[in-house]
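S.K.: Next up is a structure, given as structure tokens.
We did not get these values from a lab; they are worked out from the coordinates using the rules stated. Being a predicted model, the structure only gives us computed values, none of them experimental. Cβ atoms come from the backbone with ideal geometry, glycine included; neighbour counts cover every protein chain shown.
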Amino acid sequence: MNKHGDYLQRSEIFKRYPGNPILTPEKWPYRTNAVFNPGAVQHESKTLLLNRVEGMDGLSHFTVARSKDGKTDWTIDSEPTVLPDPESHPEEIWGIEDPRVVRLEELDEYAVTYTSYSREGPLVSMALTKDFRTFRRQGVIMPPENKDASLFPRKFNGRWALLHRPIPVNPAARAHIWLSFSPDLIHWGEHAVVMEAREGGWWDAHKIGLGPQPIETQEGWLIVYHGVRLTASGSIYRAGLALFDLDNPRRVIYRSNEWVFGPRKDYERVGDVSDVTFPSGAVYDAATDELRVYYGAADTSVGLITAKLSDVLDYLKSQPGG
């Protein structure tokens, strides 16, 4: 196949689900302004989305939606699943946002890392749950300003690892993806940049941040990330791919030069924040090799894209090394 044909094939790895958007404010059981940026996990034989829901007051909380096939017939909690608790956790005074969900087999629990919006700016908090009904807040794990965080589901040399994205004080500075380690999920150190926003005219030249939780594959940790490009008419949020080493998450093996998914449909281009496709949760079905990636569309609704994981990995292996 010639290079042009190969490009066309590669550029359509991810397919939009025909029923998009799968979750909207109109489908919600109580009055709300927007539903977007969900964390995703397989739980009790169902796909579970922990959605960010913005109320009519402008503050966000989390609500669970469940589906047998991860695409249709969503059952949504009749009231908010997790509300901000500023009395006990003052860092949540202006809401909680953008959860990522990881199953920690060693603890037999799910870890939810999320953005708390404090008076000092956004920061990273964590909660643990077994059933997505009762949550034990662990408090702040990364101070402001910081967001787009997720744990890896297993330890590395006896330590937990967290990907996150500090926000530079200088608004003109680039924002990169960082990695930190902890022996106990409380004390964090060895902070280091693991993937940088590019410079110049690239699609991910201004800032990058983690999308869904890291996905373990035989080839490495699949990382779906968002990149932001500043244009004369505003920012455009698109998605790219990277592969991290299985045993050393500091090492990027491959990184896509091109963005693989971006705003094209009306529901992605027009909304509370236009021109945003923000992947935030993923579920892999090994029986069918289907990777389902859930994303926020224009900060208003939830969309779904799908791909064969084998195709995603083949594409990444055609890209430059990290």
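S.K.: Using every Cα-Cα pair within the chain, state what percent have a distance larger than 28 Å.
M.R.: That tail contains 34 percent of the Cα-Cα pairs.
S.K.: Could you tally the net charge around S274, taking each other residue with its Cβ under 11 Å from the Cβ of S274, Lys/Arg +1 and Asp/Glu -1?
M.R.: Local net charge: -4.
S.K.: Roughly how many nanometres apart are two label points built 7 Å out from the Cα toward the Cβ at L128 and A286?
M.R.: It is 2.5 nm.
S.K.: If you don't mind, another one. Given the options M56, M142, M195, which has the most mean-square fluctuation in a GNM of the chain, springs set between C-alpha atoms less than 10 angstrom apart?
M.R.: The residue that fluctuates most here is M56.
S.K.: Now a separate question. Give me the one-decimal Kirkwood hydrodynamic radius in Å for region 29-77, with the sum taken over alpha-carbon pairs.
M.R.: Hydrodynamic radius (Kirkwood, Cα only) of region 29-77 equals 11.2 Å.
S.K.: Any idea what log10 I(q)/I(0) is at q = 0.18 Å⁻¹ for region 238-322, Debye with uniform C-alpha scatterers and no solvent?
M.R.: Here log10 of I(q) over I(0) equals -0.85.
S.K.: Go through region 47-59 residue by residue and turn each phi into a ³J(HN,Hα) via Karplus (6.51, -1.76, 1.60, θ = phi - 60°); whole Hz please, and just put x for glycine and proline.
M.R.: So the Karplus estimates, Gly and Pro as x, are 7, 10, 10, 9, 8, 7, 10, 9, x, 6, 8, x, 9 Hz.
S.K.: Next question. Among 219-231, 120-132, how do they line up from the highest to the lowest mean number of other beta-carbon atoms within 10 Å?
M.R.: Listed from highest to lowest mean packing, they are 219-231, 120-132.
S.K.: Evaluate the Debye formula for region 255-301 with equal point scatterers sitting on the alpha carbons, no solvent, and hand back log10 of I(q)/I(0) at q = 0.24, 0.26 Å⁻¹, in q order, two decimals.
M.R.: At q = 0.24, 0.26 Å⁻¹ the computed log10 ratios are -0.86, -0.90.
S.K.: Can you tell me what the convex hull of the Cα atoms of region 55-205 projects to on average, as an area in nm²?
M.R.: Averaged projected area of region 55-205's Cα convex hull equals 11.4 nm².
S.K.: Equivalent ellipsoid semi-axes for region 85-129, as square roots of 5 times the alpha carbon gyration tensor eigenvalues: give them largest first, rounded to whole Å.
M.R.: 23, 10, 7
S.K.: Now for a different question. Measure off 7 Å from each Cα along the Cα-to-Cβ vector at D69 and V270, then give the distance between these two points in nanometres to one decimal.
M.R.: Spacing of the two 7 Å Cα→Cβ label points: 3.0 nm.
S.K.: Turning to a different aspect of this structure: As a test of the definition: which semi-axes, in Å, follow for region 155-240 when you take the square root of five times each eigenvalue of its alpha carbon gyration tensor? Largest first, please.
M.R.: Semi-axes from the Cα gyration tensor: 27, 16, 9 Å.
S.K.: Dividing the Cα convex hull volume of region 280-322 by residue count, how many Å³ per residue is that?
M.R.: Looking at region 280-322, the number lands at 95 Å³ per residue.
S.K.: Then there's this: Considering only Cα-Cα distances, which of the following residue pairs are longer than 19 Å: K207/K308; K71/K308; K46/K130; K27/K71; K71/K147?
M.R.: K207/K308; K71/K147
S.K.: Same structure, new question: Can you give the Rg/Rh ratio of region 54-98, where Rg is from the C-alpha atoms and Rh is the Kirkwood radius?
M.R.: Rg divided by Rh gives 1.09.
S.K.: Okay, moving on. Multiplying the sequence separation of E26 and K155 by 0.36 nm and subtracting their Cα-Cα distance, what value in nm do you get?
M.R.: 42.4 nm
S.K.: Hey, what D do you get for region 107-189 in µm²/s if you plug the Kirkwood alpha-carbon radius into Stokes-Einstein at 20 °C and 1.002 mPa s?
M.R.: Translational D for this selection: 159 µm²/s.
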